[in-house]
Amino acid sequence: MKKITFLVATFLISIGMYAQETLSHSASQESIGGSVACASNPDDEPNTGDEGVSDNIYYRAYFPEDFGFSGSFTAMGVGFVAEFTDVGGSDPTVTNTVRLYTSDDKFPDGTLTEIASQDFEVSAADDGATFEIMFETPVDLDASTELIVAVDISASPAVPDNYDFRIGHNVEGEDEPSYISAEPCGLIAPVTLEGIGFGDQNIILNLIGDVTLGSDDFSLSQISVFPNPVNYFLKVNIPSNLELLSADLYDVLGRNTGVAIANGEINVSNLASGIYILKIETSAGSLSKKVVIE
């Protein structure tokens, strides 16, 4: 299996402090199968063995500052779930590419500029596997920069090496749209999955990065919020060197839910299932955390 993984860790070295994290807009990291894609079927007959996948590019856009980061952010790689079907039966190993872009306007508007890319191999043995593809050369940017991650899947070859490779999706929800482009199907520019009639599909496509932390930022990075997803009580663990000033839970429309923190816990049992943002104010500054209530 050709995949690259890494451990999420916080560590201290002599030149400064770094926190490696995965940024995600997905409410769940568990894939229920391959997402919608532009597919090929040369004989126009289903299940005859000539089917494959056409050119598809999946996208997600991230502002690291929306995840509580500030200062310099280092984009390290891209994470996703592989869904691979060996249609032709020749068990091919194929090469595709993850890409990182910036834009001169808020995505999907503007012109994309590629700032990093990395090829990776995938085969039927990787079906359902979680991939974390790391760039050979990480990219340092300000945490306020919009970063667009993409999985670029090339067209399947002809029989017998034809295959169907897509990235995984969930139906649990997302807090920002999923996008796709596919020229063979007329999708020249990125469009939301909802825009092509698949609003119930939420692609799992994450940004992996490091952020350089000052002492206050490092203290903030030690705040833990668990369990997440949560059903009843959300626990907020604050380091002893910080003073908690407030903790407010907002829905995706920006409305304060009014639930209060008591003894380090927030009772969310009376709130509807969905995605929320927990905004924590401390003596060292503020922090936002995405919370999923099941």
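The values are calculated or read from the model by the stated rules, or taken from the named source; none is laboratory data. The structure presented is a predicted model; accordingly, all values stated were derived computationally and were not measured. Every residue, glycine as well, gets a Cβ built from its backbone with ideal geometry; the counts of neighbours run over all protein chains shown.
At-a-glance table
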{"quantity": "Number of the exception - residue 153 against (1) more than 30 Å from residue 71 (Cβ to Cβ); (2) surrounded by fewer than 21 Cβ atoms within 10 Å (Cβ to Cβ); (3) under 18 Å from the mean Cα position of the chain (by Cα)", "calculated": "(2)"}
{"quantity": "Filtered residue count, segment 177-213, keeping only those that are of a type in the set (Gly, Ala, Ser), touching a Pro at 6+ places or on another chain (Cβ under 9 Å) and either on the phi > 0 side of the Ramachandran plot or assigned to a helix (DSSP H, G or I) (or both)", "calculated": "1"}
{"quantity": "All positions within segment 265-294 that are aliphatic (A, V, I, L, M) and either under 18 Å from the mean Cα position of the chain (by Cα) or under 10 Å from residue 230 (Cβ atoms) (or both)", "calculated": "266, 268, 271, 275, 277, 291, 292, 293"}
{"quantity": "Single residue of segment 31-72 satisfying the filter (charged (D, E, K, R) and either under 30 Å from residue 90 (Cβ atoms) or not assigned by TED's automatic domain parsing to the domain that holds residue 158 (or both)) that is surrounded by the most Cβ atoms within 10 Å (Cβ to Cβ)", "calculated": "51"}
{"quantity": "Which numbered condition residue 284 fails, given (1) more than 21 Å from residue 27 (Cβ to Cβ); (2) without any contact (Cβ under 8 Å) to a residue 40 or more places away in the chain", "calculated": "(2)"}
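Here is a yes/no grid of residues against (1) modelled with pLDDT under 95; (2) crowded, with 18+ Cβ neighbours inside 10 Å; (3) among the basic types (Lys, Arg); (4) over 23 Å from residue 66 (Cα atoms):
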{"site": "178", "(1), (2), (3), (4)": "no, yes, no, no"}
{"site": "181", "(1), (2), (3), (4)": "no, yes, no, yes"}
{"site": "192", "(1), (2), (3), (4)": "no, no, no, no"}
{"site": "204", "(1), (2), (3), (4)": "no, yes, no, no"}
{"site": "209", "(1), (2), (3), (4)": "yes, yes, no, no"}
{"site": "212", "(1), (2), (3), (4)": "yes, yes, no, no"}
{"site": "215", "(1), (2), (3), (4)": "yes, no, no, no"}
{"site": "221", "(1), (2), (3), (4)": "yes, yes, no, no"}
